[in-house]
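Have a look at the structure below, then the notes.
The values are calculated or read from the model by the stated rules, or taken from the named source; none is laboratory data. Note that the coordinates shown come from a computational prediction; the quantities given were computed from them, not determined experimentally. Cβ coordinates were reconstructed from backbone atoms using ideal geometry, including for glycine residues, and neighbour counts include every protein chain displayed. Each accessible area value is taken on the protein alone, full model and side chains, heavy atoms only, with ligands, DNA and RNA left out. Shrake-Rupley method; radii C 1.70, N 1.55, O 1.52, S 1.80 Å.
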Amino acid sequence: MVDKQVQGPKEAVADIPDGASVMIGGFGEAGSPIELIHALIDHGARRLTVISNNTGSGEVGLAALLKAERVSKVICSFPRTANSTVFPDLYRSGKIELELVPQGTLAERIRAGGAGIPAFYTPAAVGTPLADGKESREFDGKEFLLERWLRADFALIKGRCADTFGNVVYNKTGRNFGPIMAMAAKVTIVQVNSIVQPGGIDPEVVVSPGIFVDRVVEVAEPMHESELVAAGATYP
Amino acid sequence: MTIHREQIGRSKDEMARRLALDIPDGAYVNLGIGIPELVARFVPEGRTFVYHTENGLLGMGPSPENGAGDPDLINAGKRQVTALPGAAYFHHADSFAMIRGGHIDLCVLGAMQVACNGDLANWSTGEPDAIPAVGGAMDLVAGVKSVYAITQHCTKTGDPKLVERCAYPLTGRGVINRIYTELAVIDVTPAGFALVELSPGVDFEYVRERTGAPLLRR
C-alpha cells in the first residue's frame, strides 16, 4: 500500500542529518514552508547547505533557521529583504557562505538536477562578474555559459493539497520552486493544507506527480510570514 | 522666501505614460521594480498588455483591495497582486523558459548606468560590504526580445547615468534597446546613443550636456 502521509512536521524532518543539503521552496513568503522550517529548527540539524531563492524576512521561517546558525552555506539569487538583517549580519561577519546565482539559472540548475541533465548552457550572466571562472562556448554566433545541475538530499515544499500517493497541487504563485525542487531532491517533503485519498485530485490538474514526492504532511492552517513579521514574532 | 524648483522634462508618471505608447497591443510584458511598475497604469486605450511576473504568473492585475489579498499571490517585488481573467500560474523553470526562450516581447527595467553600446548595470554598486543580490535581471536582459530602460537622466548627485562605459558591475552586455528619461527618449544604435525625441520644453543641448557619451541627432 502506498501511503506517504506522515503525522506532523516533526516526524517529517526527523531524519535530516547534520551537513545535509536542503532545498527550501518559496519566493518571499509565497510558498514558504514555515512549519517544516520551524520543525527543522527544533530538530537541530547543523552545517546545512540551503538552496532557496531568498534568505527570509524578520526572524521567522528561513531567516530563523539562519539566525539559529544551522546553515553554513546558501545558494540563492536574492539574499536581501527590506525587513531582515539576519543574512546580512551573518554574511558580513563571515559566518555564512553565499553562492549567488541568477534566478533563472538557479531554477534551471534545479530542473536539470531533477531531470538527470548534469550541465547546460545559458545566455544569462554572460559578460558579468557572475561569469567569472565559468566555461563559455559559442553557439550560432552567441556566447553562453556552462552551468551545472543542482541536487539535494532533501526538499521542503509547501502546496495546497496532496493525496496519499504524493500528488500535489499548489496555491497561486506559491508554486514557484516547488515542482522543480520536488524533482531534484532525494527525499521531498511537502506540507499542504489538506490531504485527500487517491482519486481526490483530478489527474488532469496534478502539478507534481507523486513519483517526485516522498512525504506529505497536513498543516491545515499554515502561518503567513508577513503576518508573523508584522507582529514582531521570532522563532523559536 | 520660498524656493521654487522647476520640474524639467517629464515626471515619472509621464515617463511611464510615454513608454506605454510604444508597446503594441497584445504584447507580453515584464515590468521591473520601481519606475517600471508605473507603466501598468498607462495602458493606451484599445490595447491590452499581458503582464508576466517571473515568480510565476501571466496575466497579473493590480494590487488587491485592502484585506482581499492572498500571501501566495505576489509579484516579483513581493507585493500582493491579483490575477486577471485569462491568467496562468507556472513554476520557475517554465517562467524563465518564457524569458530565456524569447517568448516575452518586452522587459522594462530600471538602470544605474547604461552604456552607449547597450551594456546595462542595475544590480550592484560593487562596494565590498554590499550584499550581492541579482534576482532575475540577468536572465531577463539575456532573453527578452526588447529591453527598455526607464530612469532619471542623471544620478541624485548629477552624474550622467548614460555613459561611455559602465563603471558598475554589468547585468548584461549590449542588451538595452531604448532608454526613457525625464529629458528624452534615446535609442541605443550601432553608432551609439541616438535621440528619438526630446521631452516637451527640453532642448537638445541640455540633454547632450547631461549625457556621458556622444548623442546623435537624427
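Taken over segment A:160-189, the criterion of being in contact (Cβ under 8 Å) with a residue 60 or more places away in the chain, within 14 Å of chain B (Cβ to nearest Cβ) and not aromatic (Phe, Trp, Tyr) is satisfied by A:ASN171, A:LYS172, A:THR173, A:GLY174, A:ARG175, A:ASN176, A:GLY178, A:ILE180, A:MET181, A:ALA182, A:MET183, A:ALA184. The set of residues in segment A:1-23 that are at pLDDT 95 or above, open to solvent by 10 Å² or more (accessible area, probe 1.4 Å) and of a type in the set (A, V, I, L, M) comprises A:VAL6, A:ALA14.
Residue pairs whose Cβ atoms lie under 8 Å apart, sitting 6 or more positions apart in sequence or on different chains, and linking a residue in segment A:83-106 that is farther than 18 Å from A:SER21 by Cβ and facing chain B (nearest Cβ under 7 Å) to a partner that is among the acidic types (Asp, Glu) and open to solvent by 30 Å² or more (accessible area, probe 1.4 Å), are A:ARG92/B:ASP129.
Any residue at all in segment B:14-22 that's among the aliphatic types (A, V, I, L, M) and loosely packed, with under 13 Cβ neighbours inside 10 Å?
The answer is yes; a qualifying residue exists.
Scan segment B:170-191 for residues that are touching a Ser or Thr at 6+ places or on another chain (Cβ under 9 Å) and crowded, with 18+ Cβ neighbours inside 10 Å and the total you get is 13.
Going residue by residue through segment B:84-93, is there one that turns out to be without any contact (Cβ under 8 Å) to a residue 12 or more places away in the chain, farther than 30 Å from B:LYS161 by Cβ and open to solvent by less than 40 Å² (accessible area, probe 1.4 Å)? Looking for residues that are without any contact (Cβ under 8 Å) to a residue 12 or more places away in the chain, farther than 30 Å from B:LYS161 by Cβ and open to solvent by less than 40 Å² (accessible area, probe 1.4 Å), one finds at least one in segment B:84-93, hence yes.
One residue alone among A:ARG109, A:ARG92 is charged (D, E, K, R) and buried (at least 24 other Cβ atoms within 10 Å of the Cβ), and that residue is A:ARG109. Here is the figure for segment B:3-35: residues that are modelled with pLDDT of 95 or more and assigned to a helix (DSSP H, G or I) total 9. Within segment B:57-71, if we keep just the residues that are under 25 Å from the mean Cα position of the chain (by Cα) and assigned to a loop (DSSP other than H, G, I, E, B), the residue that is nearest to the other protein chains (Cβ to nearest Cβ) turns out to be B:PRO64.
Total residues in segment A:24-81 satisfying the condition of being closer than 23 Å to A:ALA107 by Cα and either open to solvent by less than 30 Å² (accessible area, probe 1.4 Å) or not in a loop (DSSP other than H, G, I, E, B) (or both): the figure is 35. Filter segment A:190-208 down to the residues that are in a loop (DSSP other than H, G, I, E, B) and free of Cβ contacts under 8 Å to residues at least 24 places away in the same chain and list them by number. Of everything in segment A:190-208, just one residue is in a loop (DSSP other than H, G, I, E, B) and free of Cβ contacts under 8 Å to residues at least 24 places away in the same chain, namely A:ASP202. Within segment A:125-144, the set of residues being facing chain B (nearest Cβ under 10 Å) and of a type outside the set (D, E, K, R) comprises A:ALA125, A:VAL126, A:GLY127, A:THR128, A:PRO129, A:LEU130, A:ALA131, A:PHE144. Checking the stated criteria, A:PHE154 turns out not to satisfy the condition of being at the interface with chain B (Cβ under 7 Å from one of its Cβ atoms), in contact (Cβ under 8 Å) with a residue 60 or more places away in the chain and open to solvent by less than 50 Å² (accessible area, probe 1.4 Å). Among the residues of segment A:48-66 satisfying the criterion of being among the β-branched types (Val, Ile, Thr) and within 14 Å of chain B (Cβ to nearest Cβ), which is farthest from the chain's Cα centre (by Cα)? Restricting to residues being among the β-branched types (Val, Ile, Thr) and within 14 Å of chain B (Cβ to nearest Cβ), the top hit is A:VAL60.
Checked against (1) open to solvent by 10 Å² or more (accessible area, probe 1.4 Å); (2) within 13 Å of another protein chain (Cβ to nearest Cβ); (3) of a type outside the set (D, E, K, R), B:ALA111 passes all but condition (2). Take the conditions of a type in the set (Lys, Arg), in contact with a Gly (Cβ under 6 Å, 6 or more places away or on another chain), within 12 Å of another protein chain (Cβ to nearest Cβ) and open to solvent by 40 Å² or more (accessible area, probe 1.4 Å) and apply them to B:ARG79. Does it pass? When the stated conditions are applied, B:ARG79 does not pass them.
Counting only residues that are within 17 Å of A:ILE16 (Cβ to Cβ) and of a type outside the set (A, V, I, L, M), which one in segment A:183-221 is most open to solvent (accessible area, probe 1.4 Å)?
The selected residue is A:LYS186.
Applying the condition of being crowded, with 24+ Cβ neighbours inside 10 Å and touching a residue at least 40 places away in the same chain (Cβ under 8 Å) to segment B:136-146 and asking which residue is farthest from the other protein chains (Cβ to nearest Cβ) yields B:VAL144.
For segment B:122-135, the set of residues classified as more than 10 Å from chain A (Cβ to nearest Cβ) and touching a strand residue (DSSP E or B) at 6+ places or on another chain (Cβ under 8 Å) consists of B:ASN122 only.
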